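Only the coordinates and a few stated rules stand behind these numbers; no lab work does. In this text the structure is predicted, and so the values were computed from the model without any measurement. Cβ placement follows ideal geometry from the backbone for every residue including glycine, while neighbour counts extend to all protein chains displayed.
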Amino acid sequence: MAARPPSPRDPEMQHPDDAAGYRGEGPTGGQVAFDLLFGLLAPLALLLADPAVFSTTVARRAALPPYWATPAHVFAGALLLALLAWGLSGMRSPRLGMLLAGPFALGALAFLGLGGALLPFAFTHVESLSGLVAFTPWLTAYVFGRHCVLAVRAGAERSAGATVLALIATSAAVVAALGIVASRADRRARGLEQGLMSGDLVEFNAALSEIRSPADLDLDRVAESCRLLPESDPRRERIAAAYLKLSGYPIEDALNRLHPQYGSGEKPKARPAAPKAVEDPAQARLRRLFSGDKAEHEKAVDELLGCGQKTLDEIVLRYAQLEAADPRRPRIETAYRQLAGESMAFALKRLERKAGPKEKAPEPGPEAPKTPAPPTLPDAER
């Protein structure tokens with residue numbers, strides 16, 4: 001009697017991919033759906049929405065510096081394309097497995113690290129969609145780890161030694177490339193931040209001119225450094241003006257976000273307490289005119305239309321006290337021409353000519369007439 005042929009269900013006939021979760025006939029529909037959802041769609045949603053990875057739109061602090069966003073997006077995009085190509089190839093090509101095993105291993109480690117960095121935000125925002133998206137890097141790491149095992153198995157069918165060497169070589173090449181790009185971005189960002197914090201106005205202006213976008217440096221570190229400066233330090237005002245220009249919102253808002261009063265009981269040093277005395281309306285308009293906030297400046301210009309000559313002269317005197325590189329000077333010049341109908345340069349010369357004779361007038365000598373004594377009041381008025 002002929003021997004019974006081995007059943008396809010027998011353990012000896014199982015495909016080696018079964019240990020990684022895939023049957024010999026290929027992945028199941030549920031596995032494909034899981035890989036598409038958490039291997040492709042979830043990482044794309046995380047990078048596009050960016051709840052707390054590089055931005056602070058809904059988070060107190062970002063998990064990673066903003067100047068690492070571009071290399072991270074390139075790395076993540078390459079990983080997603082590699083995973084898609086690997087899936088479309090059938091996940092059985094030995095050469096492709098050798099080539100992609102290293103990047104898949106790095107992708108699993110990278111998403112594990114990102115999941116750990118986002119864990120505090122995910123737990124504190126679990127009731128929102130952004131908090132749920134922040135949990136997905138753990139599942140994405142699982143997808144890349146599983147496909148790393150599949151790629152190693154596929155490569156090992158041709159040569160186990162070559163697969164191990166390829167895994168080490170490709171991993172080292174990717175790590176070296178990312179390390180060089182990230183370290184250069186970090187050195188440039190810290191150099192720009194040091195320039196903004198410099199006491200030399202030339203270095204400050206040079207650093208400000210090199211900043212192309214807020215993502216070139218970590219503005220939170222700038223706000224923290226400014227917070228530690230003494231109240232009388234002249235750098236505070238220009239750093240606050242630069243922060244407003246780069247980010248679009250005052251530096252006090254960033255300090256309140258980084259150090260909420262209800263959490264630490266500490267008030268940010270950059271925001272002084274509101275004075276109890278009522279500010280003079282005229283002085284308030286002048287203060288807003290010289291403000292670094294464009295909206296306050298324009299509002300003050302409208303309020304000062306038709307003001308008197310005394311107010312115009314005070315604007316000129318305050319303008320003369322600004323530093324030559326102060327970014328507010330062009331805006332004040334334009335506003336003054338609108339208010340007074342003359343240029344700021346002409347007004348400065350006019351005030352110089354007006355003050356000239358007083359400065360050259362001789363002081364009264366010993367022969368100067370004495371000041372007459374006050375008249376004596378009658379007894380009835382004493």
Highest mean first, how do 182-194, 244-256, 104-116 rank when packing is the count of other Cβ atoms within 10 Å averaged over residues? 104-116, 244-256, 182-194
Whole-Å distance, taken between Cα centres, linking segment 178-198 and segment 84-114: 32
Extension gain V181-E296, at 0.36 nm per residue separation less the Cα-Cα distance, in nm? 37.3 nm
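How much net charge surrounds G341 when only other residues with a Cβ under 15 Å from its Cβ are counted (Lys, Arg +1; Asp, Glu -1)?
On the way: positive: R337, R350; negative: D313, E333, E342.
So the environment of G341 carries a net charge of -1.
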Greater than 20 Å apart at Cα, pairs in K299/K354; K245/K299; K310/K349: K299/K354
HN-Hα J in Hz across segment 206-219 - Karplus 6.51, -1.76, 1.60, θ = phi - 60°, x for Gly and Pro: 5, 5, 5, 6, 7, 7, 8, 7, x, 6, 6, 8, 9, 5
